[in-house]
Amino acid sequence: MSQSLLGRVSAVGWGCCSYSTLKSCLPILSWLPRYKLKWLQMDLLAGLTVGLTAVPQALAYAEVAGLPVQYGLYSAFMGGFIYALLGTSKDVTLGPTAIMSLLCFSVVGGHPHQAVLLSLLCGLIQAIMALLRLGFLLDFISFPVIKGFTCAAAVTISFGQVKNILGLQDIPHDFILEVYYTFYRIPEARIGDVVLGLLCLSLLVMLMLMKKSLGSDDIPYSTSSRFARKLVWTVATMRNALVVVAATLVAFSWNGYGHQVFTITGETSRGLPPFRPPPTTYITDNGTVVSFGEIVEGFGEDLVVIPFMGLLESIAIAKAFASQNDYRIDANQELLAIGVTNIMGSFVSGYPVTGSFGRTAVNSQTGVCTQAGGIVTSVIVLLSLAFLMPAFYYIPKASLAAVVICAVAPMMDYQVVANMWRIRKLDLLPFFVTFLMSFWQVQYGIVGGIAVSGALLLYNTARPQIKVSDHGVLVMELGSGLSFPATEHLSHIMHTQALQASPPRSVILDCHHVSIIDYSVISEIRDLLRQFKLRKVRLYFARLQPSVLKVLLAADLQDLVYTHSVDAALQMESGTSSMTDANFVQSQNGEEMFDAEQKEFSNSADQ
């Protein structure tokens, strides 16, 4: 009887555990069972609003990636479906972004087949990172590197669209050459494109400023005033779609009268993309077959940089909106959602995607309640692909350029430079290295910034702050932890200021910041203890943490002397306290003394 009951309890426990695990892998199981009908209205509204923003942006970002515009839409719909299943943020929307489009172009140079294969490989790397719980690696990309990259990307992307505003063709894509030839060929600018592009820019900026000036909803307004504000907010939110539609109608009208005064998008593939595996080889224009290995070799280090930047951008956005809207996200689950999105996106001819800050902000501000809003957005994109592709023929490139410029302009954050200068000037070094190198090659800027940040981090580890004070005895307080790169620095200071002094002086090493100690440090301490003994002075260890004390005692260091406080060490050195009175012990019967010290540490902590 009892055995049967135990079996039933075990089965229930196993069932709960497996359902809990399933919920952690499929977050949709957390919100779908408690979905409310009143949430549907908000999710539909948010999804529709974001969809009307996503369609023109996807077309524009495909231009940034150097791909036919339909590839932007191919990349824009899979994220909504996958993220609804796997994502942990109700606000995040996945799709093409300016930064990922720029990175994609820097790698594949506008070749659609390579861009689709890049999406598959990036997705696999991201999914494997998620399964191995490697999200912590993103912590090694510092804020100055991120800001340096985003500022440089904003400048590169914005200036890259100037040629479309001017209606210029065949401008080199290398940034330096692009700047030179854009200015050199300004006399060739098409008046129609310039006028339309500047008009679109003006309208977008005006609508954006109108949206910002609406004020707080907490201020009381009349019914008519509230309706007017809501109407303005809606129009301003959908400004990208409205401006592109208006510009398309203008271009269509002029073309109808036989006047081709604008540079238009031109012929695009119609209908939904076929669902098929991404191509692993392709044939060049001269008939040469490029193998899978050669394609991957051509990607080089960018095959690591792009997945990392995609993850970084999306998780940063998810964390920001989770904090703003008071919920938590799972970083590793976010990695999985992005990875699976890129994998599945490659089967519908999509290029790499990530979280979009602008569309996520629209999603949040519109009041989305669950990840179902992303499904609505994806449906809007699919409907555009199915029915509106013929209309995309007449979209002026100048209007898409205006959309891109207004989307990336807020990324140029000048205030961050002043903040770094005021808080820690050394952070400007990785910022400017990343910023400047990104104009050479975007991926080099990121790698260079990370290398400089890593060098600064290693330097701080190897040169910890050591505060030296003279109390008759030298007291050296370590400002941070002690690890093997810092041993030579510590040893140098002790030799120059204590052992080589005339006469030699005792040292009290205040170790209350030291929580980890390694074999290299133990070896250096053993040598220092011998040097101090030869000169008939003493090296004291004060305020050791229990974990460090245990390691020191296990190392069986001869003449090791330690205490709980600097004052006790000073008393011992001055002769006003005996070893027992000062709670000093030497490294004999080490394990037994460690137990006594451990007990005393515990008593001190309790008090």
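The values are calculated or read from the model by the stated rules, or taken from the named source; none is laboratory data. Note that the structure is a prediction, hence the values are computed from the model and not measured. All Cβ positions, glycine included, derive from the backbone under ideal geometry; neighbour counts span all protein chains shown. Accessible surface areas use protein heavy atoms only, side chains included; no ligands, DNA or RNA. Shrake-Rupley method; radii C 1.70, N 1.55, O 1.52, S 1.80 Å.
Things worth noting here:
- Packing-based order for 450-462, 268-280, 87-99, 302-314, using average beta carbon neighbours within 10 Å, highest first: 87-99, 302-314, 450-462, 268-280
- Rg and Dmax, both from the Cα atoms of the range 109-214 and both in Å, are 19.6, 56.
- Of the solvent-accessible surface of the range 275-379, computed with a 1.4 Å probe over protein heavy atoms with every protein chain present, carbon and sulfur atoms account for 59 percent.
- For the pair residue 270 and residue 519, label points projected 7 Å from Cα toward Cβ lie 7.2 nm apart.
- Computed label-point distance, nm, for sites residue 259 and residue 391 using a 7 Å Cα→Cβ extension: 2.4 nm
- For the range 71-171, the Stokes-Einstein estimate of translational diffusion at 10 °C and a viscosity of 1.306 mPa s comes to 99 µm²/s, using the Kirkwood hydrodynamic radius over alpha-carbon pairs.
- Kirkwood-based Rg to Rh ratio, the range 167-321, C-alpha trace: 1.07
- Against the main long axis of the alpha-carbon atoms of the chain, helix 175-184 sits at an angle near 40°.
- Listed by chain and number, the lysines whose alpha-carbon sits under 18 Å from that of residue 211, ignoring those within fewer than 8 places in the same chain, are 230.
- Residues residue 412 and residue 34, FRET efficiency given R0 of 35 Å [Cβ-Cβ distance, rounded to 0.05]: 0.25
- Radius ratio Rg over Rh of the range 267-424, counting only Cα atoms, Kirkwood formula for Rh: 1.01
- Positive end of the dipole of the chain (Cβ unit charges, origin at the Cα centre): among 205, 322, 144, the Cα lying farthest that way belongs to 205.
- Between residue 211 and residue 501, the contour length at 0.36 nm per residue exceeds the Cα-Cα span by 97.4 nm.
- Against the main long axis of the alpha-carbon atoms of the chain, helix 302-324 sits at an angle near 90°.
- When the helices of the chain are scored as -39500 (n - 2.57) per DSSP H run of n ≥ 4 and the total is divided over every residue, the value at 222 nm lands at -19500 deg cm²/dmol.
- Degrees between helix 331-346 axis and first principal axis of the chain (Cα, 0 to 90, nearest 10): 30 degrees
- Residues of the range 438-460 with amide N under 16 Å of the 7 Å Cα→Cβ point at residue 174: 438-444
- The range 154-268 - percent of accessible surface contributed by carbon and sulfur, probe 1.4 Å: 68 percent
- Solvent-accessible area per residue for the chain (1.4 angstrom probe, square angstrom): 49 Å²
- Figure legend: label point modelled 7 angstrom from the Cα of residue 465 along Cα→Cβ; residues of the range 418-442 with amide N under 16 Å from it are 423-427.
- Its alpha carbons give the range 251-338 an Rg and a Dmax of 21.7, 57 Å.
- Long-range Cα-Cα pairs in the range 28-117 (distance over 16 Å), rounded percent: 59 percent
- The amide H of residue 540, built 1.01 Å from its N in the peptide plane, has 507, 508, 509 as neighbours under 5 Å, considering only residues 5 or more places off or on other chains.
- Over the range 344-441: Kirkwood hydrodynamic radius from C-alpha pairwise inverse distances, Å: 17.7 Å
- Most tightly packed first, judged by the mean number of other beta-carbon atoms within 10 Å of their residues, the peptides 335-342, 291-298 read 335-342, 291-298.
- Packing-based ranking of 61-68, 555-562, 435-442 yields 61-68, 435-442, 555-562, ordered from highest to lowest mean Cβ neighbour count within 10 Å.
- Rg(Cα)/(2.2 N^0.38 Å) for the range 408-495, N = residue count: 1.52
- Coil-residue trypsin sites (Lys or Arg not before Pro) of the range 509-580, DSSP, other Cβ within 10 Å capped at 11: 536
- Ratio Rg/Rh [Cα only; Rh per Kirkwood] for the range 357-513: 1.28
- A straight chain from residue 136 to residue 383 at 0.36 nm per residue would run longer than the Cα-Cα distance by 85.1 nm.
- For the range 448-549, the equivalent ellipsoid derived from the Cα gyration tensor has semi-axes of 25, 15, 13 Å, listed largest first.
- All C-alpha pair distances within the chain, sorted into 10 Å bins from zero, spread as 3, 14, 20, 18, 14, 12, 10, 7, 2, 0, 0 percent across the bins.
- With a simple spin-label model that places each label point 7 Å from the Cα along the Cα-to-Cβ direction, the separation between residue 423 and residue 547 comes to 2.7 nm.
- For residue 147, a cut-off of 23 angstrom between C-alpha atoms picks up these lysines, skipping any fewer than 8 places away in its own chain: 319, 425.
- With a Förster radius of 60 Å applied to the beta-carbon distance between residue 194 and residue 124, the computed FRET efficiency rounds to 0.85.
- Orientation-averaged projection of the range 514-563 equals 3.2 nm² [convex hull of Cα atoms, one quarter of hull surface area].
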